[in-house]
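**Q** This is the structure I want to talk about, given as structure tokens.
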Amino acid sequence: MATKAKTAPTPKAALPADQAAASSATSAFEHALGQFEAGKHAEAAKALEAVIAAADEAGEWAVKRRAQIYLGLAQTKLNPPKAVKPTALVEIQASLNRRNTEEAMKLIDKEVKEHPTEAVAYYLRSLAFAQTENVEASADSLNRALELDPDLVFQWHMDPDFNSIRKSPLFAFTENR
């Protein structure tokens, strides 16, 4: 009977330095990710910065890129962007988009008093009047807006809120512009 010769298991060779660094970067990334998910954003940010350096040194570009993404997220959690207060014109446009012309007119009146040469305010007033189909007031406001900024005529031609009143003879002043 033939017997197989037993061979001793070969010892595992030590990982080359670049693979060890890569393995180290991957495990460090997993640790940093655990900190991030636990809500420890400051600790995660520090750990991710170290991961980025280690991954860069090891040539682990995928790990580096993922760490950079999570670092950006951690920094956003630590320093959230500040809310920006909308301008009066943005608030007016939002009111008009909601078809709340009463609120829009209050805001427009205030804006026109504060900035009497603001062409967009007069344009928005014209738009509000168009929504209520007040053709004469809309034409007067549009005329004032175009006196201040003639380029608004292009927006007037494209704005669907004027469709129902656009063909009125009161808007004849827009024909040659």
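Values in this text are rule-based calculations from the coordinates and carry no lab data. These figures come from a predicted structure and were not determined experimentally. Reconstructed Cβ throughout: ideal geometry from the backbone, glycine too, with neighbour counts over all protein chains shown.
**Q** Expressed in nm², what is the orientationally averaged projection area of the convex hull enclosing the Cα positions of the chain?
**A** 22.7 nm²
**Q** Hey, another quick one. FRET efficiency for residue 79 and residue 114, Cβ-Cβ distance as r, R0 = 35 Å, nearest 0.05?
**A** 0.55
**Q** Can you list the aspartates and glutamates whose alpha carbon sits under 16 Å from that of residue 46, skipping same-chain ones fewer than 8 residues off?
**A** 30, 37, 56
**Q** Do you know the relative contact order of segment 88-174, to the nearest whole percent, from alpha carbon pairs under 8 angstrom that are 6+ apart?
**A** 24 percent
**Q** Go ahead and estimate [θ] at 222 nm for the chain from helices alone: -39,500 (n - 2.57) per DSSP H run with n ≥ 4, summed, over the residue count, rounded to 500.
**A** When only DSSP H runs of four or more count, the value is -21000 deg cm²/dmol.
**Q** If you average the sequence gap of Cα pairs under 8 Å that are 6 or more apart and divide by the length of segment 20-76, what percent do you get for the contact order?
**A** Reported relative contact order: 40 percent.
**Q** Just how far, in whole angstrom, is segment 147-167 from segment 26-45 if you go by their alpha carbon centroids?
**A** Using only Cα atoms, the two centres lie 55 Å from each other.
**Q** A further question on this structure: Loop sites only, by DSSP: take the GluC sites (Glu not before Pro) in the chain that have at most 16 other C-beta atoms within 10 Å and name the longest stretch containing none of them.
**A** Between the exposed loop sites, the longest stretch runs 1-132.
**Q** Please tell me the relative contact order of the chain in percent, rounded to the nearest whole number, where contacts are Cα pairs under 8 Å and at least six residues apart.
**A** 13 percent
**Q** Please compute, for the alpha-carbon atoms of segment 17-78, the extent along each of the three principal axes and give them in descending order in Å.
**A** Computed over the Cα atoms, the extents are 34, 16, 14 Å.
**Q** Stick to Cα atoms and the Kirkwood definition of Rh, then tell me Rg/Rh for segment 87-149.
**A** Looking at segment 87-149, the ratio lands at 0.93.
**Q** Follow-up. Aspartates and glutamates within cross-link reach of residue 106: Cα-Cα under 17 Å, excluding same-chain residues under 8 positions apart?
**A** The qualifying aspartates and glutamates are 91, 114, 118.
**Q** Which of the aspartates and glutamates could a cross-linker span from residue 167 if the Cα-Cα distance has to be under 17 Å and same-chain partners fewer than 8 positions apart are dropped?
**A** 133, 136, 140, 159, 175
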